[in-house]
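Some notes on the structure that comes next.
Derivation of every value follows stated rules applied to the coordinates shown; laboratory data play no part. Nothing here was measured: the structure is a model prediction, and the numbers come from that model. We place every Cβ from the backbone using ideal geometry, glycine too, and count neighbours over all the protein chains shown.
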Amino acid sequence: MRLLLAAGAAAMMVTAIAAQRPAQTRPFAPTRLWDGRTPDFRGIWQVRDTAYMNIEGHAAEKGVAASKSIVVDPPDGKIPYKPDALATRQANYRARATADPSLKCYQAGVPRATYVPAPLQILQSPGNFAIVYQENHAFRVFHPDTRAHFDNTDWWMGDTRYRWDADTLVADVVAQTDLAWLDQAGNFHSTEVHIVERYRMTGADTLEYEARIEDPVAYTRPWTLRTVLYRVKQPGARIIEDECLEDANGVRHHVSPYDPRNLLKSDYSRWKSAGQK
Amino acid sequence: MKVLKETLCALLCIGSLNSLSAQALPRLPDGHPDLQGLWLKSAGGFQGLFIGSLDGTNFAAGGGRAGGARGAGRGPAAPPRYQYTPEAEAERQDRLRRGYEDPEARCHLPGVPRALDQPGGLYPVQIIQDQKSVALLHEAMHDVRIIPTDNSPHPRNYWAWDGDSRGRWDGDTLVVDVANFNGRTWLDMAGNFVDENEHVVERFSLVDRDTILYEATVTDPTVFVTPVQMRFTLKRVPPEQQILEYSCLEGERSLQHYTDEDGGRKRREK
């Protein structure tokens with residue numbers, strides 16, 4: 001009977017706690033680095049959605065299922081462009097088969113690098129945080145926000161300052177070029193873009209990514225996109241080298257290091273003709 | 001030669017003094033030296049112009065102007081004396097005349113050891129380390145090498161510009177074995193090159209808190225008769241500085257320097 005009472009009391013306590021903070025919103029507690037404090041986000045991560053095609057969502061295409069917008073604010077899932085900027089986006093969209101900077105093997109920029117169809121790896125140690133993106137071997141070194149931004153540049157991957165908000169990494173990104181696109185559909189920002197990213201583990205193998213994007217030149221109001229990165233768990237998985245080769249027409253193509261075309265076998269004449277024209 | 005000896009002593013004597021003074025090296029909890037930080041190649045000048053080990057074995061005989069080991073201020077440096085096979089020597093001469101075909105000028109990944117053998121004092125490398133890997137984030141070419149330190153084997157059927165790097169700790173020295181090259185890289189701007197049989201053993205030694213001694217031995221039986229030795233130091237960059245972005249493809253500014261004979265006009269028009 002006492003046991004039953006104790007169990008009942010425990011159950012009531014659990015109910016009381018659950019009422020205070022519903023179980024589904026209780027934050028996941030990531031493991032820690034060896035300093036015992038810093039959340040451990042290390043690993044290889046990759047999105048599973050197809051937002052890289054159009055973050056506002058897209059219809060099904062050959063081999064690709066339809067996708068919803070990953071824009072969570074505003075609620076209609078549309079980027080709140082100013083009229084001129086919307087016209088630019090439409091022009092970009094029409095020219096996307098040749099104008100997308102990613103076709104030229106350029107670094108993807110922030111936040112696009114996060115949701116391209118290629119993995120990224122988070123490197124971490126106490127006091128250090130960096131992300132290496134497989135696509136075009138881009139990387140970002142995150143600097144603590146105790147020092148001011150390195151601003152007034154127009155970098156592809158921007159300048160990043162970060163802090164920890166409990167177990168969420170909050171990154172502030174400025175100094176980006178207006179040549180980068182946000183996806184394959186021509187969505188874009190200006191050099192005035194200011195992005196606040198939030199990285200939060202929602203489970204041992206899921207990393208939620210949120211970016212609040214503010215740009216008084218291109219948009220009428222700040223907007224937010226959100227997606228999920230999944231841990232790549234295949235044994236031996238690693239970031240591989242991603243380098244493009246130029247063909248005879250000057251067009252660049254990704255050539256996997258597993259592709260024998262990437263190998264020149266002591267053939268100097270072939271060296272002269274391959275990828276160097 | 002005197003200068004060379006001084007340089008050599010400056011490096012080695014300081015190194016031995018430091019080990020004698022038992023200066024505590026920063027270490028990770030696993031006991032290995034903590035190589036983390038932002039580092040900049042200090043001595044060794046410009047790739048191709050002064051490449052070579054400080055013991056002089058790769059400097060030209062006789063005219064070896066050792067000033068090359070200190071930097072560009074001491075006049076023209078002797079070319080490095082690579083011992084090429086006859087066929088490779090002919091190829092090297094050809095590439096020397098066609099320097100505009102240097103793949104790094106086309107923004108390609110530099111390969112190893114050129115990733116670290118960048119112009120002295122220009123492009124730093126950020127090192128992030130944990131118990132399983134040492135990652136080198138190079139400003140130049142935004143080149144990345146994530147080196148597992150588990151002495152794991154190289155993969156098969158993988159051919160990369162930077163090859164495949166596998167590390168292990170030999171005492172306090174990080175030893176990295178690099179293979180699986182794709183045979184496309186040059187060692188410098190002067191036409192010195194390697195092919196797909198290149199094999200590199202690198203040694204990273206934390207000499208003191210602010211100095212890494214970098215040594216590389218490059219062997220390539222189809223190109224070199226004898227291995228190429230390199231050695232230079234990386235110095236810690238003051239903490240108020242940070243790595244910058246290096247966009248190459250994304251903002252090409254070199255092609256304008258090519259002459260029409262180099263094919264410059266044709267390339268610019270693209």
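When you scan the range A:194-215, how many residues do you find that are surrounded by fewer than 23 Cβ atoms within 10 Å (Cβ to Cβ) and among the aromatic types (Phe, Trp, Tyr)?
Qualifying residue count for the region: 1.
Restricting to the range B:128-149, name every residue that is under 22 Å from the mean Cα position of the chain (by Cα) and either aromatic (Phe, Trp, Tyr) or assigned to a loop (DSSP other than H, G, I, E, B) (or both).
Within the range B:128-149, B:Glu139, B:Asp143, B:Thr149 meet the criteria.
Looking at A:Asp73, A:Asp35, A:Asp40, which one is within 14 Å of chain B (Cβ to nearest Cβ), more than 13 Å from A:Asp183 (Cα to Cα) and in contact with a Ser or Thr (Cβ under 6 Å, 6 or more places away or on another chain)?
Being within 14 Å of chain B (Cβ to nearest Cβ), more than 13 Å from A:Asp183 (Cα to Cα) and in contact with a Ser or Thr (Cβ under 6 Å, 6 or more places away or on another chain) holds for just one of A:Asp73, A:Asp35, A:Asp40, which is A:Asp40.
For the range A:195-244, what are the residues that are out of contact with any Cys (no Cβ under 9 Å at 6 or more places or on another chain), within 14 Å of chain B (Cβ to nearest Cβ) and of a type in the set (A, V, I, L, M, F, W, C)?
Matches in the range A:195-244: A:Val232, A:Ala237, A:Ile239, A:Ile240.
I'm trying to understand the selection: among the residues of the range B:189-204, which are out of contact with any Gly (no Cβ under 8 Å at 6 or more places or on another chain), crowded, with 21+ Cβ neighbours inside 10 Å and more than 14 Å from chain A (Cβ to nearest Cβ)?
Scanning the range B:189-204 gives B:Glu202, B:Phe204.
What number of residues within the range A:113-146 satisfy the criterion of being free of Cβ contacts under 8 Å to residues at least 40 places away in the same chain and within 8 Å of another protein chain (Cβ to nearest Cβ)?
Qualifying residue count, the range A:113-146: 6.
Quick one: in the range B:150-188, which of the residues that are more than 8 Å from every other protein chain (Cβ to nearest Cβ), touching a residue at least 60 places away in the same chain (Cβ under 8 Å) and part of a loop (DSSP other than H, G, I, E, B) is surrounded by the fewest Cβ atoms within 10 Å (Cβ to Cβ)?
Going through the qualifying residues, I end up with B:Asp172.
Within the bounds of the range A:78-85, is there any residue that is part of a loop (DSSP other than H, G, I, E, B), out of contact with any Phe, Trp or Tyr (no Cβ under 7 Å at 6 or more places or on another chain) and without any contact (Cβ under 8 Å) to a residue 40 or more places away in the chain?
yes
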